[in-house]
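A.B. asks: Okay, here's the structure, questions in a sec.
The values are calculated or read from the model by the stated rules, or taken from the named source; none is laboratory data. Here the structure is a predicted model, which is why all the values come from computation and not from measurement. Here the Cβ positions follow ideal geometry from the backbone for every residue, glycine too, while neighbour counts run over all protein chains shown.
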Amino acid sequence: MAKIVIRDDCLAPDRYVRVKYSGPNPWGVAEFLNDNLKQFFHVSTSKVNNYRINWDITGDPITFYSRWWVNKEVGRFTIMRFVFKLYGEKGKTRNEGKFSLSYHARVITEFGGWGPIMKPIWTLYSYLYFNRVRRKYIDKCRDYMVDFKNMIKEHFNVEATDFPTTHA
């Protein structure tokens with residue numbers, strides 16, 4: 001059984017989208033992510049996971065680190081995988097501090113079949129159809145990333161980034 005896996009970065013050559021914030025309630029971005037990832041990407045609970053939360057409360061400021069992933073299915077064999085990393089700190093006495101959020105995404109296509117005939121069929125299929133569809137998936141993924149960044153910036157009253165997206 002042969003297997004083909006294609007992984008495309010959505011923002012190539014840059015890999016990450018970054019948002020930095022300094023002000024009141026820096027942990028609010030983690031709450032914002034928990035509340036909005038599922039609705040923004042239109043996925044079920046099983047497709048979103050906050051798989052790491054670290055707190056260091058021994059010093060002042062308190063530091064925190066957290067990670068999430070989202071898997072959005074866009075086709076029978078294709079998913080978009082978004083990975084979010086949050087690092088921040090906040091004061092013990094006042095709820096002020098800063099955070100740095102970075103995230104990246106990939107479009108992953110994976111399928112398998114019988115080895116000897118898979119390569120010629122795949123070559124024909126990709127030439128006639130899949131290369132255009134893959135480009136649309138990458139553009140859609142890029143739009144998700146930029147729109148999510150602007151939503152976070154709007155929520156925290158930071159100026160929104162304006163650069164071309166595919167739907168603009």
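A.B. asks: Would you confirm whether any residue within the range 62-70 is surrounded by 11 or more Cβ atoms within 10 Å (Cβ to Cβ), touching an Asp or Glu at 6+ places or on another chain (Cβ under 8 Å), without any contact (Cβ under 8 Å) to a residue 60 or more places away in the chain and charged (D, E, K, R)?
C.D. replies: Checking the range 62-70: not a single residue is surrounded by 11 or more Cβ atoms within 10 Å (Cβ to Cβ), touching an Asp or Glu at 6+ places or on another chain (Cβ under 8 Å), without any contact (Cβ under 8 Å) to a residue 60 or more places away in the chain and charged (D, E, K, R).
A.B. asks: Would you be able to say whether some residue in the range 125-137 is within 20 Å of the chain's Cα centre (by Cα), among the charged types (D, E, K, R), crowded, with 16+ Cβ neighbours inside 10 Å and in a helix (DSSP H, G or I)?
C.D. replies: The answer is yes, given that some residue of the range 125-137 is within 20 Å of the chain's Cα centre (by Cα), among the charged types (D, E, K, R), crowded, with 16+ Cβ neighbours inside 10 Å and in a helix (DSSP H, G or I).
A.B. asks: Looking at the structure I just gave you, is Lys3 assigned to a strand (DSSP E or B), more than 18 Å from Cys141 (Cα to Cα), of a type in the set (Lys, Arg) and in contact with an Asp or Glu (Cβ under 8 Å, 6 or more places away or on another chain)? Give the steps one after another, and end with the answer.
C.D. replies: Details: assigned to a strand (DSSP E or B): yes; more than 18 Å from Cys141 (Cα to Cα): yes; of a type in the set (Lys, Arg): yes; in contact with an Asp or Glu (Cβ under 8 Å, 6 or more places away or on another chain): yes.
In short, yes.
A.B. asks: For Val29, are the conditions met, namely being surrounded by 15 or more Cβ atoms within 10 Å (Cβ to Cβ) and modelled with pLDDT of 90 or more?
C.D. replies: Considered against the rule, which asks whether it is surrounded by 15 or more Cβ atoms within 10 Å (Cβ to Cβ) and modelled with pLDDT of 90 or more, Val29 comes out as no.
A.B. asks: May I ask you to list the residues in the range 143-160 that are within 18 Å of the chain's Cα centre (by Cα) and among the polar types (S, T, N, Q)?
C.D. replies: If the condition is that a residue be within 18 Å of the chain's Cα centre (by Cα) and among the polar types (S, T, N, Q), then Asn150 is the only one that fits.
A.B. asks: With the checklist (1) closer than 22 Å to Val146 by Cβ; (2) in a loop (DSSP other than H, G, I, E, B) in hand, flag the one item Ser100 doesn't pass.
C.D. replies: Against the list (1) closer than 22 Å to Val146 by Cβ; (2) in a loop (DSSP other than H, G, I, E, B), Ser100 comes up short only on (2).
A.B. asks: Which pairs have Cβ atoms under 8 Å, sit 6 or more apart or on different chains, and link a residue in the range 24-51 that is touching a residue at least 40 places away in the same chain (Cβ under 8 Å) to one that is part of a helix (DSSP H, G or I) and among the β-branched types (Val, Ile, Thr)?
C.D. replies: From the range 24-51, the pairs are Val29/Ile152; Phe32/Ile152.
A.B. asks: A further question on this structure: Between a residue in the range 79-93 that is under 15 Å from Ala105 (Cα atoms) and touching a residue at least 60 places away in the same chain (Cβ under 8 Å) and any residue that is part of a strand (DSSP E or B) and among the aromatic types (Phe, Trp, Tyr), which pairs come within a Cβ distance under 7 Å, given they are 6 or more apart or on different chains?
C.D. replies: Qualifying pairs under 7 Å: Phe82/Trp69; Phe82/Tyr103.
A.B. asks: Just one of Ala12, Ala30 is within 16 Å of the chain's Cα centre (by Cα), of a type outside the set (D, E, K, R) and assigned to a loop (DSSP other than H, G, I, E, B); which is it?
C.D. replies: Ala12
A.B. asks: Still on this structure: Consider Ile57 against the criteria (1) within 25 Å of Gly91 (Cα to Cα); (2) aliphatic (A, V, I, L, M); (3) touching a residue at least 40 places away in the same chain (Cβ under 8 Å): it satisfies all of them except one. Which criterion is unmet?
C.D. replies: Ile57 satisfies every listed condition except (3).
A.B. asks: For Lys140, which of the numbered conditions (1) part of a strand (DSSP E or B); (2) surrounded by 17 or more Cβ atoms within 10 Å (Cβ to Cβ); (3) among the charged types (D, E, K, R); (4) within 20 Å of the chain's Cα centre (by Cα) fails to hold?
C.D. replies: The one condition Lys140 does not meet is (1).
A.B. asks: List the residue pairs whose Cβ atoms are under 8 Å apart, where the first residue sits in the range 1-21 and is more than 15 Å from Tyr87 (Cβ to Cβ), the second is acidic (Asp, Glu) and assigned to a strand (DSSP E or B), and the two are 6 or more positions apart or on different chains.
C.D. replies: Matching pairs, first to second residue: Lys3/Glu110; Ile4/Glu110; Val5/Glu110; Ile6/Glu110; Arg15/Asp9.
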